[in-house]
Amino acid sequence: MKQTWTLKDIKGGFYILPAMFILVMFLVIPLGLTIYYSFYRLDYLIKGNFVGLGHYKMLLTSPKILRSLGATVLVTIAATGISMILGLVLALWIDRKTGIFSYLIELIGLVPWVISMVVAGLLWKWLFNGDMGLLNGILKMLGFSPIYVVQGKQSAIIALIFVMAWRTIGYAMIMILAGLKGVDGGLIEAAKIDGASPWQSLIWIKLPLIKTQVLLSTIVLTVSNFTNNTIPKVLTSGGPNDATNVITLQQYNMSFRYYQFGESSALSVLIMLVTTLMIIAYMKVSKYKI
Amino acid sequence: MKRRTLSILLAGALAAGSLTGCGSSDNADSSATADAKTSDSAAASQKTASSGETTIRMWTFLDPANTENGRSVALSQMMEEFEADHPGVKIVVEPQDYNIMTAKFLSATSTGDAPDIIWCARDELCGVLNANALEPLENLFLADWTAEEIADVDDVFFQFGQRDGKHYTMGLSKNSVGLYYRSDLLEAAGLSVPTTFDELLSTAKALSGEDKESGIQRYGLGQAFSTESADPQLIVNYIYDKQGSLFNEDGTANWSTQAGVEAMEWIVKTVEEGATPKEAVNTANEDSILEFEAGKYAMLLLGGVRMPNIREAASFDSSAIQFAILPGGNNFDGWFAGVWSGSSNKELAGEFLEKMYSPEADQLWVTLGGQAPLRKSTLENMADFFAKEENQYMKIMSDSFTNAIPLSNEYTVNGFKFDMNRAIQSVLTGGQIESSLKEAEAAFNSANGR
Amino acid sequence: MKNGTYLPKIKSHLSEVFILIIFAIVNLIPIFWGVITSLKTQSDITAYPPKIWNFELYFGHYKRVISSGFFQCVLNSAFYSVAAIFLGVITGYLAAYGFSRRNFPFKKLCFYFIVVGIPLSSGSSVLLIPNYLHMMKMGLHNHWYTLILLYTTYNLPMTIWLLIAGIRAVPQELEEAAIMDGCSQFYIVTRLIPPLIKPSIAAASLFVFIGSWNEYITSSVMINDTSLKNIQMAIYDYLGFFGQEWGPLTAAATLAIIPIVFVFTFLGKQLVSGLTAGAVKG
């Protein structure tokens, strides 16, 4: 069935033109260049042979890259999940508050999201330090032996998830809170009169109404955590033995340490694809309509 | 109905006014300053262009505006002198993040926006030479130098900047990865500075224990096996010492050898026998510096250029911190300044480069910047200066260059130190020595296209 | 009776305060550590055992940071962020309006295109070198507007999406009523809708602001001119080749938080209390 477009429809397209122009100029063209580079050898930006899909094949068969992707997905999902759940709980809690109390919680919650990420990562590393860190200082004072947090494979991953979640809980909380504030109080009242428990009104009334906020925050945090290479770089240096070598750190090192711009372009394209697929999956799960 | 809509609209308009009102006043302020500033600088650059002034741009990690750092002060003094000698010439330093400077430079060469003078790190120089991005110094000033003058600067850096009989750069901010030690602790234990790997291990073990003053658990030898550690670790020295080179003729890694296995066993021993803490497995240079300053290590593996900063920040008597050459020789490292081959002011850029290598400049680098001298003559001319206890490290760094662990610039060696650290991490977290070294070799070879 | 109602109340108050304290400690401990580090002398910073209170107050690091032109960088960052907010929110709002209220050819395609753009919002290092080459070819790098354009671009896809959510919450009938009252389309887009979606605008602004204020890698590649430096470049100065200079580093990071608290106090009010009376849903 062929759709017919009215003049108003066509004119409606004009609304998106300025945004589209910006995106094409500064996003699509570099993306196109990246895809183009990904087909060549480009060590030190010296254009070499055309390798076709060679880089992609190399990346997708490299155990190191696949392990790195796996670690990234694990860290992203864990950190985002923790942030969203705790953010939701906190938002529901302070939704009932007003005044200075709620302002304080919001501010405290947001500080980790706004502080310079590299400094935050370094400070956490310092706090986790075996001798110089506050954490182990307290443990020692209580008579325990120190924990070397970023030195063990598992504890490094946990530390990374912790710091990433720490960074994003406040953001999740504020975004969900903004959604909750938009929920009509009358609906909740009506449900209460109809005998709904607070739990029921949360599941059946509040959550569906803030679905979009939850979806958007989840997407923001997933993307932000997936592409975060600053915190892994300074907190765990991707180690030990690549345990926390997240994919964007790998990509960064390919470009700025090994100068393999062909391979790193291909990896960039793969990172874009994976993240986009994750977003589309969220959209499908939450039945988001365009 | 109409009334209701109107009132909503009115309320909305008011709210919009308050929302944007606040934001826009903020914006107006800052944009005004920024606009004024940019139009100023645009006007300024037009003016300089019309009055025939030449600008020489240089990318380095030094910020001449920084008055706290000796090297920056030295650089800005050289710039002033140069500008005074060359009316109409302006040296503009655009300070860069050293992590991305080379990638940026290589990009900029392709669009013609590269600076006239660039500083490259050691590991990157080969790639930059491959890209033909540097002008041979023979075309600029080196051809006029006498043999004596050349002999004065001829060292491992000078040779590293040479390819096909031409020199492209001579090395600045020379670094030597060696052994920091606390002479007071060594003296108290009646030990001398270790010169072999066995001595290093036994000395380190002897110096481990609780520090009486601060109560910190002290380890004899600080090592940092993180893949963010910029300084090569002792595995490099060990393999070089035993087999003469880290690489095969064709530039592939040659680590899973007898020497490599022994080196790894030695490193494992330092950890197992308590000379180096277990947490070294994922400690970065920067962490180990902080820990050394707190008193956690009696000796530390680190680049000599950090000495002034470490002495300033140490929590104990810092005059006891000294520097020595490691078993197997020190790794040389540092920066290689050159003139961009596409520059339109090569002559002048070359003159400034020459200025940075001049005997007078060398004195500034040494006295203000606390750096190893660029010239042998400086060592002789300032013998009294280098004899002082607090300046001895500069002479030792300089001495270490005469038998430093050599590297070829015929093939790229990107990331070899990180790949070797990864092998160490693998072994210390339970991996097999041989397979870990093999993996590291494969990673290195693939990252360098071999 | 009284006891029966008060006691649990006090108990629940106490537990709430307890949660608040835990939350505050976990959230603020690195900030606390950063702030006290910025107030210590060099040798106190590296002292063992770490000094938590028994150190001598020292303001030298702040002096050094301020005298190194830090406030110029703060102003630059403020300008970049605010300009990116304006450009991003205005173009994003128009696009969001188009997406939520109009049906035009290739709409779905355009929307998926925006979805693809989202991964770039915070992972700008992914396209960095190609983008640098592209900007250089157009001569757009190292100008006062360079970072504004890029920050707008990186944050635009998510801004559009956040604003779509806001516009959809506004009942279509309101627009229809306005048209019946003789309002022009121009009026609806510029005057009627924006005040009704203030929380979304605030959320989008906050998103763009943080994205611009905390961005480092793009600025360090695109900017050469010292007078165009932004705040993160100023902070990274203390992470340079000379190692981590903890004192000035933490002092700079502490100073960088202060403007954000102001912005949040303003935007946060819009964000959270903007829709209280249920004016829209009611």
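Of note:
- The lone exception for A:Gly143 - which of (1) more than 9 Å from chain C (Cβ to nearest Cβ); (2) within 21 Å of A:Pro240 (Cβ to Cβ) it fails: (2)
- Pairs meeting the criteria (first residue in the stretch C:129-142 and at the interface with another protein chain (Cβ under 7 Å from one of its Cβ atoms), second residue outside any helix (DSSP H, G or I), beta carbons under 6 Å, at least 6 apart or on different chains) are C:Met136/B:Asp113.
- Flag if C:Phe32 is within 14 Å of chain A (Cβ to nearest Cβ), out of contact with any helix residue (DSSP H, G or I) (no Cβ under 7 Å at 6 or more places or on another chain) and surrounded by 15 or more Cβ atoms within 10 Å (Cβ to Cβ): yes
- Selection count where residues are open to solvent by 50 Å² or more (accessible area, probe 1.4 Å), over 15 Å from A:Gly133 (Cα atoms) and more than 8 Å from every other protein chain (Cβ to nearest Cβ), scope the stretch C:36-66: 7
- Matching residues in the stretch B:100-150 - criterion: being in contact (Cβ under 8 Å) with a residue 12 or more places away in the chain and of a type in the set (Val, Ile, Thr): B:Thr102, B:Thr109, B:Ile117, B:Ile118, B:Val128
- The set of residues in the stretch C:210-221 that are open to solvent by 10 Å² or more (accessible area, probe 1.4 Å), in a helix (DSSP H, G or I) and within 12 Å of chain B (Cβ to nearest Cβ) contains only C:Ile217.
- Condition met for B:Glu293 (within 14 Å of chain C (Cβ to nearest Cβ), part of a helix (DSSP H, G or I) and among the acidic types (Asp, Glu)): yes
- Residue satisfying condition, being out of contact with any Asp or Glu (no Cβ under 8 Å at 6 or more places or on another chain) and closer than 30 Å to B:Ala253 by Cβ, within set B:Met382, B:Met397: B:Met397
Results for (1) in contact with a Gly (Cβ under 7 Å, 6 or more places away or on another chain); (2) open to solvent by 50 Å² or more (accessible area, probe 1.4 Å); (3) of a type in the set (Ser, Thr, Tyr), shown as yes or no for each residue.
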| site | (1), (2), (3) |
| --- | --- |
| B:Ser192 | no, yes, yes |
| B:Thr227 | yes, no, yes |
| B:Trp255 | no, no, no |
| B:Ala263 | no, no, no |
| B:Trp266 | no, no, no |
| B:Val271 | no, no, no |
| B:Glu279 | yes, no, no |
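- Failed item in (1) under 30 Å from B:Asp164 (Cα atoms); (2) more than 14 Å from chain A (Cβ to nearest Cβ), with B:Gly369 passing the rest: (1)
- Being without any contact (Cβ under 8 Å) to a residue 60 or more places away in the chain and within 9 Å of chain B (Cβ to nearest Cβ) holds for only one residue in C:Ala202, C:Ala178, C:Ala165, and it is C:Ala178.
- Some residue of the stretch C:261-281 being among the charged types (D, E, K, R), modelled with pLDDT of 90 or more, open to solvent by 30 Å² or more (accessible area, probe 1.4 Å) and not in a helix (DSSP H, G or I): no
- Which listed residue is crowded, with 24+ Cβ neighbours inside 10 Å, touching a residue at least 24 places away in the same chain (Cβ under 8 Å) and part of a helix (DSSP H, G or I), from A:Leu180, A:Leu160, A:Leu202: A:Leu160
- Residue in the stretch B:426-448 that is at pLDDT 95 or above, among the β-branched types (Val, Ile, Thr) and over 16 Å from B:Asn331 (Cβ atoms) present: yes
- From B:Gln96, B:Gln77, residue being within 17 Å of the chain's Cα centre (by Cα) and outside the structural domain of B:Glu228 (by TED's automatic domain parsing): B:Gln96
- Every listed requirement among (1) within 11 Å of another protein chain (Cβ to nearest Cβ); (2) over 26 Å from the mean Cα position of the chain (by Cα); (3) open to solvent by 30 Å² or more (accessible area, probe 1.4 Å) is met by A:Leu31 save one, (2).
- Residue, nearest to the other protein chains (Cβ to nearest Cβ), within the stretch A:221-253, restricted to residues that are of a type in the set (A, V, I, L, M, F, W, C) and open to solvent by less than 10 Å² (accessible area, probe 1.4 Å): A:Val223
- Matching residues, the stretch B:388-436, being surrounded by fewer than 17 Cβ atoms within 10 Å (Cβ to Cβ) and among the β-branched types (Val, Ile, Thr): B:Thr402
- Restricting the stretch B:80-99 to residues that are touching a residue at least 60 places away in the same chain (Cβ under 8 Å) and away from chain C (no Cβ under 14 Å), the residue that is most open to solvent (accessible area, probe 1.4 Å): B:Glu81
- Among the helices (runs of 4 or more DSSP H) confined to the stretch B:372-450, the ones with at least 1 residues that are farther than 19 Å from B:Asp152 by Cα are located at B:383-387, B:392-400, B:416-428, B:433-447.
- Residues satisfying the stated conditions in the stretch A:34-58, i.e. among the aliphatic types (A, V, I, L, M) and within 11 Å of chain C (Cβ to nearest Cβ): A:Ile35, A:Leu42, A:Leu45
- Those residues of the stretch A:116-146 which are aliphatic (A, V, I, L, M), open to solvent by less than 10 Å² (accessible area, probe 1.4 Å) and either without any contact (Cβ under 8 Å) to a residue 40 or more places away in the chain or out of contact with any helix residue (DSSP H, G or I) (no Cβ under 8 Å at 6 or more places or on another chain) (or both), in sequence order: A:Val119, A:Leu123, A:Leu127, A:Met132
- Of the set (1) closer than 27 Å to B:Ser318 by Cα; (2) aliphatic (A, V, I, L, M); (3) not assigned by TED's automatic domain parsing to the domain that holds B:Gly70, all apply to B:Val413 but (1).
- Filter result (under 30 Å from A:Met175 (Cβ atoms), in a helix (DSSP H, G or I) and not charged (D, E, K, R)) within the stretch C:161-186: C:Trp161, C:Leu162, C:Leu163, C:Ile164, C:Ala165, C:Gly166, C:Ile167, C:Ala169, C:Gln172, C:Leu174, C:Ala178
- Every condition in (1) open to solvent by less than 10 Å² (accessible area, probe 1.4 Å); (2) under 20 Å from B:Glu351 (Cβ atoms); (3) within 14 Å of another protein chain (Cβ to nearest Cβ) holds for B:Cys126 except the one numbered (2).
The values are calculated or read from the model by the stated rules, or taken from the named source; none is laboratory data. Everything numeric here is computed off the predicted structure, so don't read it as measured data. Positions of Cβ are backbone-derived with ideal geometry, glycine not excepted, and every protein chain shown enters the neighbour counts. Accessible surface areas use protein heavy atoms only, side chains included; no ligands, DNA or RNA. Shrake-Rupley method; radii C 1.70, N 1.55, O 1.52, S 1.80 Å.
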